[in-house]
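*Asks:* Take this structure first; my questions come after.
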Amino acid sequence: MINYPNPFNDYTIINYTLPYDGKVVLIINNLLGETMMIPVNEMQTKGEHSLKLRTETFKNGMYMATIKLISSNGDLGRTIKIIK
């Protein structure tokens with residue numbers, strides 16, 4: 001998972017590749033661990049995916065983007081820092 005631009009202003013693009021089909025949950029948290037949004041919570045197919053994340057309401061600062069893939073093939077997760 002990667003995002004650009006980073007730092008960003010009103011939006012950032014998040015790209016990720018899934019190794020297999022499964023339920024994907026993408027959660028954006030602030031540094032206090034509070035959930036700011038859950039822009040993805042659905043079944044997705046393996047392959048490349050892209051999401052334009054609109055963040056006009058976010059204050060300037062650092063956030064954590066965590067993606068989770070839940071599947072019969074196993075669960076995967078990754079977290080990156082995104083900066084507004």
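Just so it is clear, none of the values below were taken in a lab; they were calculated from the coordinates. All figures in this text were calculated on a predicted structure; none of them were measured in a lab.
*Asks:* Quick one: how many lysine pairs in the chain have C-alpha atoms under 18 angstrom apart, if they're 8 or more apart or on different chains?
*Replies:* 9
*Asks:* Moving on. Alpha carbon centre of segment 7-41 versus segment 60-78: separation in Å?
*Replies:* 7 Å
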